[in-house]
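The values are calculated or read from the model by the stated rules, or taken from the named source; none is laboratory data. Predicted model, so just to flag it, every value in this text is computed and none were measured. Every residue, glycine as well, gets a Cβ built from its backbone with ideal geometry; the counts of neighbours run over all protein chains shown.
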Amino acid sequence: AQKVTQAQTEISVVEKEDVTLDCVYETRDTTYYLFWYKQPPSGELVFLIRRNSFDEQNEISGRYSWNFQKSTSSFNFTITASQVVDSAVYFCALSLPLSGNTGKLIFGQGTTLQVKP
Amino acid sequence: EAGVTQSPTHLIKTRGQQATLRCSPISGHTSVYWYQQALGLGLQFLLWYDEGEERNRGNFPPRFSGRQFPNYSSELNVNALELEDSALYLCASSLLYLGGGSVENSPLHFGNGTRLTVT
C-alpha cells in the first residue's frame, strides 16, 4: 500500500528560526514522484517542488531546501530563517506514474506551521 | 498567465440537492483533476479527466461525477448531497507528456477551491 506520513501535526516557531517539516513515504514502486505543496489560509495549494525517485540530490531554492533520502524513505523540507508569511499548512505527496495513476497524488495529513513575529 | 480558476467560491446546498462545481484549467493544460478536502479526512483524489475522457477515479460513490468540455474546462457534479459531502473541492490542471516510456504529467497546479456546505 502507498502512504505518506507527516507526523508533525502542528509546529510553532518564532520568526527567523529554522524549521524542518518531516515526510515519510511508503511504496513498493521503484518509480515515483514526491511533492511538497503549501496551503495558505486562502485555500489554494501552491506547488513547491517535485522530485523523482531516481534523483536523490538535495535541492535548495532560496530559504527552502529539501532532503530526499531513499534509505529512510524520507523527503524532509527545511525553511531557513522563517518568516510570518511562511505560516500555512504544508503537504507532502506521492504519485506513482507507472501504476496507471498519473496525476493521482497521495497526500499526507499536512503540517500546520505557525511563524510568530 | 491565469491560473486555475474555480467557481463558485462558496456553495450552500441542502441535503438531497445537487451541486455543480466548475473549473477552468491553465491555458494549454489538457488534464483536469478534482480533489476533496474534508475536515478530518485530508486531501483525497476524486477524478481525472483528459481530452474529454474520464481517466481515473478515486474511491467515491457514483453520485460524484463530472465531465470535461472541448475547451478543457470541467464540471464536478455531486448528486443526492449528504452532510459529509461538505468540504473544500480543489481542481488542478496539468500537461501530459511522454517521459521515460510512460505517460506522465507535469506538476499539478491547483485553484482556490469551492467550499461546499451541505445543511
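Could you check, for segment B:73-88, whether at least one of its residues is within 14 Å of another protein chain (Cβ to nearest Cβ), outside any loop (DSSP other than H, G, I, E, B) and touching a Cys at 6+ places or on another chain (Cβ under 9 Å)?
yes
Kindly indicate whether any position in segment B:82-96 is over 10 Å from the mean Cα position of the chain (by Cα), at pLDDT below 95 and not small (Gly, Ala, Ser).
yes
Exactly one of (1) closer than 23 Å to B:Glu104 by Cα; (2) touching a Gly at 6+ places or on another chain (Cβ under 7 Å); (3) not in a strand (DSSP E or B) is unmet by A:Gly43. Its number?
The single condition A:Gly43 does not satisfy is (1).
This table checks each residue for (1) surrounded by 13 or more Cβ atoms within 10 Å (Cβ to Cβ); (2) over 25 Å from B:Gly40 (Cα atoms); (3) hydroxyl-bearing (Ser, Thr, Tyr).
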position: A:Gly43; (1), (2), (3): yes, no, no
position: A:Leu48; (1), (2), (3): yes, no, no
position: A:Asn52; (1), (2), (3): yes, yes, no
position: A:Gln69; (1), (2), (3): no, yes, no
position: A:Gln83; (1), (2), (3): no, yes, no
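Against the definition (part of a strand (DSSP E or B) and within 14 Å of chain B (Cβ to nearest Cβ)), how does A:Phe68 come out, yes or no?
Here the answer is no, as A:Phe68 does not meet what is asked.
Restricted to segment B:37-55, and to residues that are farther than 20 Å from A:Phe35 by Cα and surrounded by fewer than 17 Cβ atoms within 10 Å (Cβ to Cβ), which residue is nearest to the other protein chains (Cβ to nearest Cβ)?
Residue satisfying both the conditions and the ranking: B:Gly40.
For segment A:71-81, name all the residues that are exposed (fewer than 13 other Cβ atoms within 10 Å of the Cβ) and part of a loop (DSSP other than H, G, I, E, B).
Passing the criteria: only A:Ala81.
Is at least one residue of segment B:9-23 within 12 Å of chain A (Cβ to nearest Cβ), surrounded by fewer than 21 Cβ atoms within 10 Å (Cβ to Cβ) and in contact (Cβ under 8 Å) with a residue 12 or more places away in the chain?
Yes, because at least one residue in segment B:9-23 is within 12 Å of chain A (Cβ to nearest Cβ), surrounded by fewer than 21 Cβ atoms within 10 Å (Cβ to Cβ) and in contact (Cβ under 8 Å) with a residue 12 or more places away in the chain.
Any idea which of A:Val4, A:Val14, A:Val19 is surrounded by 13 or more Cβ atoms within 10 Å (Cβ to Cβ) and more than 23 Å from B:Tyr35 (Cα to Cα)?
The unique qualifying residue is A:Val19.
Somewhere in segment A:61-84, is a residue under 10 Å from the mean Cα position of the chain (by Cα), under 19 Å from A:Glu17 (Cβ atoms) and β-branched (Val, Ile, Thr)?
Checked segment A:61-84: at least one residue is under 10 Å from the mean Cα position of the chain (by Cα), under 19 Å from A:Glu17 (Cβ atoms) and β-branched (Val, Ile, Thr).
Check B:Leu43 against each of (1) in contact (Cβ under 8 Å) with a residue 12 or more places away in the chain; (2) part of a loop (DSSP other than H, G, I, E, B) and name the one condition it does not meet.
Of everything listed in (1) in contact (Cβ under 8 Å) with a residue 12 or more places away in the chain; (2) part of a loop (DSSP other than H, G, I, E, B), B:Leu43 misses just condition (2).
Of a type in the set (Lys, Arg), in contact (Cβ under 8 Å) with a residue 12 or more places away in the chain and away from chain A (no Cβ under 13 Å): does that describe B:Arg63?
yes
Between a first residue in segment A:35-59 that is within 8 Å of chain B (Cβ to nearest Cβ) and a second residue that is small (Gly, Ala, Ser) and surrounded by 18 or more Cβ atoms within 10 Å (Cβ to Cβ), which pairs have beta carbons less than 7 Å apart while being 6 or more apart in sequence or on different chains?
Matching pairs, first to second residue: A:Phe35/A:Ala93; A:Tyr37/A:Ala93; A:Gly43/B:Gly113; A:Glu44/B:Gly111; A:Glu44/B:Gly113.
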